[in-house]
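Everything on this sheet refers to the single structure shown next.
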């Protein structure tokens, strides 16, 4: 069900009382499964609903010139398009990375939640601000770090965001990205990404085989990335055990 990871995500950044959690648990929704490369939302759409990622990954992307640029990734519990409650025209694509499952929730229901409870206004507003903070960090990552730091930072962010919703298990998680996805997110060529990943492997920091990613030395990887998770604005200690309900 979509509410489980959504509640976990919102609880990571602010406290939701039981009545608010109950309203999320009973929200109307339509579940859709997406194959790799399938679009959830297209640039130019005017949706009447927001989506919640139940499982898998989505990328926010646009084709600029002759290059596809990924500007963010979304994991279970995220609402990538909550801003469409106020900005109806979509200016990007949301695309599935690997197989994913999403739920669509009507704008009308979300507006009723916010009308009835100021806590939801704060929750969705805070979530939008955190998305903006992540976007700023990505801009700084591309503009200030060399290839090794860029890729390391992306991997550290994945680990931390998945840990917040209980999807990091003994420093391991599923990561269906291709090297092209990493290149599109980090502004690098595939050749450069391949060399960078090999360097991280040789440094004993990561192992990545067939969508299975393991942090071998998280502290060293975070040091290489100059990674400070403060921009994710988590208010709780992330759980370490994987949630089987995803």
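In terms of overall dimensions, the stretch 42-132 has a Cα radius of gyration and Dmax of 13.6, 46 angstrom.
Placing dummy labels 7 Å off each Cα toward the beta-carbon, the span from residue 116 to residue 223 is 5.2 nm. The value for the chain of Rg(Cα) / (2.2 N^0.38 Å) is 0.99.
Evaluate E = 1/(1 + (r/R0)^6) for residue 89 and residue 109, where r is the Cβ-Cβ distance and R0 equals 22 Å; express this FRET efficiency to the nearest 0.05.
Using R0 = 22 Å, I get an efficiency of 0.55.
Using 0.36 nm per residue of separation minus the Cα-Cα distance, give me the extension gain between residue 62 and residue 144 in nm, one decimal.
Extra length available between residue 62 and residue 144 comes to 27.3 nm.
Only Cα pairs under 8 Å and 6+ residues apart enter the sum, and on that basis the relative contact order of the chain stands at 24 percent. A simple spin-label model places pseudo-atoms 7 Å from Cα toward Cβ; at residue 180 and residue 195 they are separated by 2.2 nm. Summary value for the stretch 147-232: 42 percent relative contact order, contacts being C-alpha pairs under 8 angstrom separated by 6+ residues.
You can think of it this way: the chain between residue 14 and residue 214 has 69.1 nm of extra reach, that is 0.36 nm per residue less the Cα-Cα gap. For a modelled paramagnetic label at residue 22, 7 Å from Cα along Cα-to-Cβ, the residues of the stretch 96-119 in reach, with backbone nitrogen under 20 Å, are 109-119.
Every number here is computed from the coordinates shown, using simple stated rules; none is lab data. What you see is a predicted model, and the numbers here were worked out from it, not measured in a lab. Every residue, glycine as well, gets a Cβ built from its backbone with ideal geometry; the counts of neighbours run over all protein chains shown.
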